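K.L.:
Please read through the structure below; I'll follow up with questions.
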Amino acid sequence: MRETLKQNTGFIQIPLLITIVTAFIVVGGASYGIIEYQKISKIINEAEQLSKNEKYSEAIEKLELAKNRWLTKNLGIKGQEIADKIENNRKLSEDKSEYNKGLEEFNKGNYEKAKELLEKVSEISPYYQDAKNKIEEVQEKITEKKIAEAVKQVIDKTERELKKDEKRETKEETGKEIMEESLQKERASPSCVDECSYLGQKQCEGSILKSCGNYDTDECLEWRNYQYCEYGCALGKCNPAPYQPQYNVETLIVDYKDASAIKVVISGDKKSLTAILSGPDKSTVDTEYISENDMLDGGETVWLHFQRYAESNPEPGLYTLIVKETWGGREIYRKEFNIKGPKPVITGYSLKWKLYWPPIEEYGYQLDNYKASFTIKNEGDLTTYIRGIDILLNGEELVVPFGNVPSKKKILPGETTEISVGYSDIVDKGTYTMEVRLVGQVNGELTTLASYTATISVP
């Protein structure tokens, strides 16, 4: 009987041991995963700071470390985000190099080469606007140089023709008497030859347009009044600027598909267009492509989101919207949006307590109908998206019965609303320090959007 009992006891202990070991592995693995995720997030944040300080090579090294972490390498966690940031930093590094090389060539007077290098700086680079301004300065230098060269060519040609005339006159006038007679005739009645046919005549010479007139003291006509034609010269006049497609762009900040976005309405010529929204760190936040077919009816409407995630709260800062022609890259529209972002403020609360069942005070108190209500105002210029409201009494968080789901998930700019959330914890009678935390998503991670502290009494 005892041997049978021992055998049964051993049989019971083996499954129990397996269960304990399995639970240990699961809990340990989950804890390791959380720690590993936090380390990866920390490395990414450090890389972003290096990128903001224009230390792109160091940022790439940091991101490569994050890429080779176990959680990313084997499970792909944050893999795409890291890959995008590596590519972005490489492009920013190239842009910085091209910009500096462009400045060197400009200082050397190699304007064509400087323009070629500066045009390679992409729109996400912090040097883009400086490069664009420098390109305008380079173009002025190139134009001045072309004008100077063209005018010099015309002057040199005129001087050569005058020298030929002088040589010809010298050969024809032989002998002292003939020369003196000729000089006397010239003094009495100066002679000259018209260079052009009639007053106001126009003629092209390369990219230079010249006009016929009497610009000196003699009675003859000559070419003067040189004008440089930026788009070439033909048939006695400067060519007009080539036709540029015309567009009209209107923008409005809206709430679209559970996310804050810029509504962009474009009308105009039938061309393929690209709309790009970049964030405060100059990286691309959203992109929309418009085909020629989309523009067949004369216009198209697209929405560019401030965040990559639905029901997420964008960071405050300067956002830039650029619309350009897809082929050729000609920029047709640029606008900056200085965004305050969502700014929720908890202005009040309502807590109603009742005795737990059975209604005896020593059993404690519970929120009436499991609900707590909070008054919240959005003082920002974008919609606030709420994921939950946490309550801590003396530092301990109240338990939420069916998930921390608020009765309303978003608050429009300037709106004040009341939101209720359910809690099931039982608390003793007494005075507590209550901390309320409004939770929302920023950059794909949950964070505290606003907090509120008060002293309360139960009941």
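K.L.:
For the range 206-223, take each phi angle, set θ = phi - 60°, evaluate the Karplus expression 6.51 cos²θ - 1.76 cosθ + 1.60, and give the result in whole Hz per residue in order, putting x for glycine and proline.
P.N.:
Working through the residues one at a time gives x, 9, 9, 9, 10, 10, 8, x, 9, 9, 10, 8, 7, 9, 8, 8, 9, 7 Hz.
K.L.:
Kindly identify the range 291-397 as rounded, prolate or oblate by the Cα gyration tensor criterion: order the square roots of the eigenvalues as a ≥ b ≥ c, call it rounded if a/c is under 1.5, otherwise compare a/b with b/c, prolate if a/b is larger, else oblate.
P.N.:
prolate
K.L.:
Right, another one. Kirkwood Rh, Cα Rg: Rg to Rh for the chain?
P.N.:
1.29
K.L.:
Something else about it: Around Y423, which amide H atoms from residues at least 5 apart in sequence, or from another chain, sit under 5 Å from its own amide H, with H modelled in the peptide plane?
P.N.:
K371, A372
K.L.:
Please tell me the relative contact order of the range 357-426 in percent, rounded to the nearest whole number, where contacts are Cα pairs under 8 Å and at least six residues apart.
P.N.:
44 percent
K.L.:
For the chain, what is the accessible area per residue in Å² when the probe is 1.4 Å?
P.N.:
Roughly 62 Å² per residue, with all protein chains present.
K.L.:
If you don't mind, there's one more thing I want to ask. Remind me, relative contact order of the chain in percent, using alpha carbon pairs under 8 angstrom and six or more residues apart?
P.N.:
In percent, rounded to a whole number, it is 7.
K.L.:
What is the gain in length, in nm to one decimal, between D156 and E292 on full extension, counting 0.36 nm per residue of separation less the C-alpha to C-alpha distance?
P.N.:
43.9 nm
K.L.:
Continuing with the same structure: On full extension of the chain, what length is gained from Q38 through N225, given 0.36 nm per residue of separation minus the C-alpha to C-alpha distance?
P.N.:
Stretched fully, the Q38-N225 segment lengthens by 60.0 nm.
K.L.:
Under a point-charge model restricted to the Cβ atoms of Lys and Arg (+1) and Asp and Glu (-1), what is the dipole moment magnitude of the range 209-342 relative to its Cα centre, in debye to the nearest 20?
P.N.:
So the dipole magnitude of the range 209-342 works out to roughly 140 debye.
K.L.:
Now for a different question. Only Cα pairs under 8 Å and at least 6 apart count here; give the relative contact order of the range 213-264 as a rounded whole percent.
P.N.:
Dividing the mean separation by the residue count of the range 213-264 yields 17 percent.
K.L.:
What order do C229, C192 take when sorted by accessible area (1.4 Å probe), most exposed first?
P.N.:
C192, C229
K.L.:
Now for a separate question. Under a crude label model (7 Å from the Cα following the beta-carbon direction), how far is E415 from T274 in nanometres?
P.N.:
For the pair E415/T274, the computed spacing is 3.6 nm.
K.L.:
Related question: Please give the residues of the range 360-401, grouped as numeric ranges, whose backbone N is less than 14 Å from a label point set 7 Å along the Cα-to-Cβ vector of T433.
P.N.:
392-397
K.L.:
Turning to a different aspect of this structure: Stokes-Einstein D for the range 242-340 at 4 °C, 1.567 mPa s, Kirkwood Rh over Cα pairs, in µm²/s?
P.N.:
For these conditions, the coefficient is 93 µm²/s.
K.L.:
As a check on your grasp of the helix formula, calculate [θ] at 222 nm for the chain: sum -39500 (n - 2.57) over DSSP H runs of n ≥ 4, divide by the residue count, round to the nearest 500.
P.N.:
-12500 deg cm²/dmol
K.L.:
Can you list the chymotrypsin sites (Phe, Trp or Tyr not before Pro) in the range 203-300 that are in a DSSP coil and have 13 or fewer other beta carbons within 10 angstrom?
P.N.:
Y215, Y231, Y243
K.L.:
Do any GluC sites (Glu not before Pro) in the range 184-276 lie in a loop, going by DSSP, with at most 11 other beta-carbon atoms within 10 Å of their beta carbon, and if so which?
P.N.:
Here the sparse-neighbourhood loop sites are E219.
K.L.:
Does anything in the range 73-103 have its amide N under 11 Å from the 7 Å Cα→Cβ label point of K120, and if so which residues?
P.N.:
Only 94-102 pass the distance filter.
K.L.:
Hey, how many Å between the Cα centroid of the range 120-140 and the Cα centroid of the range 386-450?
P.N.:
After rounding, the separation between the Cα centres reads 48 Å.
K.L.:
Give a residue-ordered list of calculated ³J(HN,Hα) values for the range 141-156 (Karplus: 6.51 cos²θ - 1.76 cosθ + 1.60, θ = phi - 60°; whole Hz; x for Gly, Pro).
P.N.:
Coupling constants for the range 141-156: 5, 5, 5, 4, 5, 5, 4, 4, 5, 5, 5, 4, 4, 5, 5, 4 Hz.
K.L.:
Starting from the amide H of N443, placed 1.01 Å from N in the peptide plane, find each other amide H under 5 Å away whose residue is 5 or more places distant or on another chain.
P.N.:
Placed amide hydrogens put N313 under 5 Å from N443.
K.L.:
Which distance in nm do the two modelled labels at T455 and K371 give, with both placed 7 Å along the Cα-to-Cβ direction?
P.N.:
Calculated label separation equals 3.0 nm.
K.L.:
Once you place label points 7 Å from the Cα toward the Cβ at S57 and E136, how far apart are they in nm?
P.N.:
3.4 nm
K.L.:
Taking the Cα atoms of the range 376-459 alone, what are Rg (to one decimal) and Dmax (as a whole number) in Å?
P.N.:
Values for the range 376-459 (Cα only, Rg and Dmax): 13.7, 42 Å.
K.L.:
If you don't mind, another one. Once amide H atoms are built 1.01 Å from N in the peptide plane, which residues 5 or more positions from E415, or in another chain, come under 5 Å H to H?
P.N.:
Placed amide hydrogens put N378 under 5 Å from E415.
The values are calculated or read from the model by the stated rules, or taken from the named source; none is laboratory data. This is a predicted model, so every value here is computed, not measured. Note that we place each Cβ from the backbone using ideal geometry, even for glycine, and neighbour counts take in every protein chain shown. Side chains included, ligands, DNA and RNA excluded: accessible areas come from the protein's heavy atoms. Shrake-Rupley method; radii C 1.70, N 1.55, O 1.52, S 1.80 Å.
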